[in-house]
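*Asks:* First, the structure itself, so that you have it in front of you.
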């Protein structure tokens with residue numbers, strides 16, 4: 001036999017003891033001791049930039065906080081000023097880029113190719129993708145940054161698709177770690193090529209909810 005209770009309010013019998021329903025304690029705005037009003041699911045947008053004009057560097061500040069451990073960055077390229085822009089990524093703190101301690105590599109292959117290639121990347125930045133005037137608006141990548149706000153090594157990975165200056169289209173996976181146990185609140189992207197190369201892009205940053 002089942003029964004149904006319809007009420008608008010359930011009040012605690014003993015002050016400050018709360019109400020227990022099917023083993024779950026509800027008390028003072030908390031559910032089993034947790035403030036559920038602060039819980040969010042999935043990815044939460046925390047900031048970004050829509051850089052429509054070409055620039056030597058694009059920096060995004062104050063997006064890595066203690067609110068989240070890990071982050072996802074969506075990078076969508078516009079039309080760069082340069083035929084072979086290899087886009088690099090640096091972490092930064094208080095408006096200053098870190099230029100040493102990077103360890104990384106990447107695998108890549110052309111569409112229609114039969115095998116992938118591997119290349120180590122530099123020690124002053126992370127590699128993320130290519131941009132070129134021969135195929136503008138066709139470069140995009142997803143960058144993952146792990147624990148940038150903790151005083152530990154910071155890992156990253158990136159995967160995306162972009163054309164090269166000869167028109168060949170590549171997909172690639174990048175990965176690495178910044179080894180210096182520091183905390184970071186932002187990042188910079190730039191073209192690692194001739195000094196005249198400049199880039200533009202839309203960048204959106206999301207934090208992974210902790211629970």
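The values are calculated or read from the model by the stated rules, or taken from the named source; none is laboratory data. Everything numeric here is computed off the predicted structure, so don't read it as measured data. Cβ placement follows ideal geometry from the backbone for every residue including glycine, while neighbour counts extend to all protein chains displayed.
*Asks:* Residue under question is residue 79, and the condition is that it be over 17 Å from residue 176 (Cα atoms) and surrounded by fewer than 19 Cβ atoms within 10 Å (Cβ to Cβ); does it hold? Give the steps one after another, and end with the answer.
*Replies:* Values: over 17 Å from residue 176 (Cα atoms): yes; surrounded by fewer than 19 Cβ atoms within 10 Å (Cβ to Cβ): yes.
So residue 79 passes the test.
*Asks:* Across segment 66-97, what is the total count of residues that are in a strand (DSSP E or B) and farther than 19 Å from residue 143 by Cβ? It would help to see each step written out before you state the result.
*Replies:* To start, the set of residues in segment 66-97 that are in a strand (DSSP E or B) comprises 70-77, 81, 85-93, 96-97.
Okay, now just the ones that are also farther than 19 Å from residue 143 by Cβ, so 81, 96.
Adding up the residues that qualify gives 2.
*Asks:* Right, here's the next one. Which members of segment 123-141 meet the condition of being touching a residue at least 40 places away in the same chain (Cβ under 8 Å) and more than 10 Å from residue 89 (Cβ to Cβ)?
*Replies:* 130, 131, 132, 133, 134, 136, 137, 138, 139, 140, listed by residue number.
*Asks:* Can I ask one more? Does residue 110 satisfy being surrounded by fewer than 19 Cβ atoms within 10 Å (Cβ to Cβ), in contact with a strand residue (DSSP E or B) (Cβ under 9 Å, 6 or more places away or on another chain) and without any contact (Cβ under 8 Å) to a residue 60 or more places away in the chain? Outline the logic, then answer.
*Replies:* Values: surrounded by fewer than 19 Cβ atoms within 10 Å (Cβ to Cβ): yes; in contact with a strand residue (DSSP E or B) (Cβ under 9 Å, 6 or more places away or on another chain): yes; without any contact (Cβ under 8 Å) to a residue 60 or more places away in the chain: no.
When the stated conditions are applied, residue 110 does not pass them.
*Asks:* Only one of (1) under 18 Å from the mean Cα position of the chain (by Cα); (2) surrounded by 14 or more Cβ atoms within 10 Å (Cβ to Cβ); (3) under 21 Å from residue 202 (Cβ atoms) fails for residue 85. Which number is that?
*Replies:* Residue 85 satisfies every listed condition except (1).
*Asks:* Considering 186, 160, 135, 176, which residue is farther than 19 Å from residue 63 by Cα and at pLDDT 95 or above? Lay out the reasoning, then the answer.
*Replies:* Details: 186 fails: farther than 19 Å from residue 63 by Cα; 160 fails: at pLDDT 95 or above; 135 fails: at pLDDT 95 or above.
So the residue among 186, 160, 135, 176 that is farther than 19 Å from residue 63 by Cα and at pLDDT 95 or above is 176.
*Asks:* Kindly establish whether residue 33 is out of contact with any helix residue (DSSP H, G or I) (no Cβ under 6 Å at 6 or more places or on another chain), on the phi > 0 side of the Ramachandran plot and at pLDDT below 80. Walk me through it before giving the result.
*Replies:* Numbers: out of contact with any helix residue (DSSP H, G or I) (no Cβ under 6 Å at 6 or more places or on another chain): yes; on the phi > 0 side of the Ramachandran plot: yes; at pLDDT below 80: yes.
So residue 33 passes the test.
*Asks:* Could you tell me whether residue 102 is at pLDDT 90 or above, farther than 21 Å from residue 183 by Cβ and in contact with a strand residue (DSSP E or B) (Cβ under 7 Å, 6 or more places away or on another chain)? Before the answer, list the steps.
*Replies:* Details: at pLDDT 90 or above: yes; farther than 21 Å from residue 183 by Cβ: no; in contact with a strand residue (DSSP E or B) (Cβ under 7 Å, 6 or more places away or on another chain): yes.
Answer is no for this residue.
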